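Student: Just dropping this structure here.
The values are calculated or read from the model by the stated rules, or taken from the named source; none is laboratory data. In this text, all values refer to a predicted model and were calculated from it rather than measured experimentally. Backbone-built Cβ (ideal geometry, glycine too); neighbour counts: all protein chains shown. With ligands, DNA and RNA removed, areas are computed over all heavy atoms of the protein, side chains included. Shrake-Rupley method; radii C 1.70, N 1.55, O 1.52, S 1.80 Å.
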Amino acid sequence: MHRSAYTVAASLAVLAALAPVARGAEPAAAPATVAKATKPVISCDGNEKNLQTYLKIHDVLFMQRDASRVGEFYAPEVISHNLDSGGGGARPVKNADMAAMWTASKKYDPKRVLADDLILCSGPYVVVRTTMHGSDNFGYEGNKPTGKSYSISATDIYRFENGKVVERWGNADLVSMFKQIGYTLTPPSAPSK
């Protein structure tokens, strides 16, 4: 079924407005397990340089989370169209902000693993579909950590210039993650009339 960009954007906005609330019962989904890593499907003929840079980013930043090396792979300021929080728009993100994100990620979810499933390249773009395996060791949205595992999909699009990322679009299946770690999603209350 074809859905318009407006419908997709509206759906993302509704999902972002849902407030996760900790719940004592087991999550509806079974706890996630880390599957044996397989090699991703890669289609990048003619874009080997951007592909090789992305593969280094995956190893150094996403897996090792060596925040000291952000500047090797990203321009000093990257335009981010990250949709994880629902909503669109572009905002500039500096290397220091990205380094802080990877430092926190390593601290609060040290065993997190990202397994790339599909990598496509076209011109200056690299598109990656990833499965992320981790555990709620920190707590989200002000809730206490549940310690439960999750396994979710994410998609990222990177635009490269001069061998570095200058722009990024990304989203992850946070609704599924919240369910797997034991939260229930409650729609926001309707405004009073």
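Student: Do we find that V78 is within 22 Å of D173 (Cβ to Cβ), in a strand (DSSP E or B) and out of contact with any Leu (no Cβ under 6 Å at 6 or more places or on another chain) in this structure?
Tutor: So V78 fails the test.
Student: Considering each residue of region 35-55, count those that are surrounded by 13 or more Cβ atoms within 10 Å (Cβ to Cβ) and not hydroxyl-bearing (S, T, Y), and give that number.
Tutor: Residues that pass the stated criteria total 7.
Student: Could you tell me which residue of region 118-156 is nearest to K94 (Cα to Cα), considering only residues that are open to solvent by 60 Å² or more (accessible area, probe 1.4 Å), assigned to a strand (DSSP E or B) and not basic (K, R)?
Tutor: Filtering first and then ranking leaves Y125.
Student: Pairs please, first residue from region 163-182 and crowded, with 18+ Cβ neighbours inside 10 Å, second anywhere and acidic (D, E) and outside any strand (DSSP E or B), Cβ atoms under 8 Å, 6+ apart in sequence or on different chains.
Tutor: L174/D84; I181/D136; G182/E26; G182/D136
Student: Further question: Exactly one condition in (1) surrounded by 16 or more Cβ atoms within 10 Å (Cβ to Cβ); (2) at pLDDT below 95; (3) within 17 Å of V60 (Cβ to Cβ); (4) within 12 Å of the chain's Cα centre (by Cα) is not met by M98; state its number.
Tutor: Failing condition for M98: (4).
Student: Quick one: would you say F138 is in contact (Cβ under 8 Å) with a residue 40 or more places away in the chain and in contact with a helix residue (DSSP H, G or I) (Cβ under 8 Å, 6 or more places away or on another chain)?
Tutor: Spelling it out, it is not the case that F138 is in contact (Cβ under 8 Å) with a residue 40 or more places away in the chain and in contact with a helix residue (DSSP H, G or I) (Cβ under 8 Å, 6 or more places away or on another chain).
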